[in-house]
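Please find one structure pasted underneath; my questions will follow.
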Amino acid sequence: MAPSAPAETALSRLTDQVIAADLLISAKAGIQAYAAAISSSSTPAVRNLLKKQLDQTISFQEQVSSYIAERGWYNAYDAAEQLKTDAGQAQNTLSLLR
């Protein structure tokens, strides 16, 4: 049996949201790894290369953060609103499992 249109829409939003969250987590981990590598590097050439990679990763993280915020999936400045969003997302996830 084919899923109804509302379920397809909810699943599409959930998938986009999960992918974006995973990208954000990965970018943050990359930033930490580059920072650690920079502090451990012994040559200026390697340090400069790592700094360029760090700058690109920070830029990517900013883009992903903006994407998530624009869609209302994360509100960094309003904890109460974020709690409402999280509760709604949990309900959507539970409804997909039924």
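The values are calculated or read from the model by the stated rules, or taken from the named source; none is laboratory data. Just so we're clear, the structure is a prediction, and the values are computed from it rather than from any experiment. Cβ atoms come from the backbone with ideal geometry, glycine included; neighbour counts cover every protein chain shown.
State yes or no: is Tyr74 at pLDDT 95 or above, at negative phi and of a type in the set (Phe, Trp, Tyr)? Explain how you work it out, then say what you get.
Numbers: at pLDDT 95 or above: no; at negative phi: yes; of a type in the set (Phe, Trp, Tyr): yes.
Here the answer is no, as Tyr74 does not meet what is asked.
Here's a follow-up. For Thr57, indicate whether it is surrounded by 10 or more Cβ atoms within 10 Å (Cβ to Cβ), of a type outside the set (Asp, Glu), in contact with a Leu (Cβ under 7 Å, 6 or more places away or on another chain) and assigned to a helix (DSSP H, G or I).
Values: surrounded by 10 or more Cβ atoms within 10 Å (Cβ to Cβ): yes; of a type outside the set (Asp, Glu): yes; in contact with a Leu (Cβ under 7 Å, 6 or more places away or on another chain): no; assigned to a helix (DSSP H, G or I): yes.
Here the answer is no, as Thr57 does not meet what is asked.
Quick check, is Gly72 assigned to a helix (DSSP H, G or I) and either in contact with a His (Cβ under 6 Å, 6 or more places away or on another chain) or farther than 17 Å from Ser26 by Cβ (or both)? Working first, answer last.
Values: assigned to a helix (DSSP H, G or I): no; either in contact with a His (Cβ under 6 Å, 6 or more places away or on another chain) or farther than 17 Å from Ser26 by Cβ (or both): yes.
Against the criterion (assigned to a helix (DSSP H, G or I) and either in contact with a His (Cβ under 6 Å, 6 or more places away or on another chain) or farther than 17 Å from Ser26 by Cβ (or both)), Gly72 does not qualify.
Can you pull out the residues in segment 42-71 that are at pLDDT 95 or above, hydroxyl-bearing (Ser, Thr, Tyr) and either more than 12 Å from the chain's Cα centre (by Cα) or more than 23 Å from Thr15 (Cβ to Cβ) (or both)?
Thr43, Thr57, Ser59
Can you tell me which residue within segment 60-91, out of those that are over 30 Å from Ala36 (Cβ atoms) and among the acidic types (Asp, Glu), is surrounded by the most Cβ atoms within 10 Å (Cβ to Cβ)?
This residue is Asp86.
Looking at segment 12-34, is at least one residue more than 16 Å from the chain's Cα centre (by Cα), modelled with pLDDT of 95 or more and not charged (D, E, K, R)?
Yes: one or more hits.
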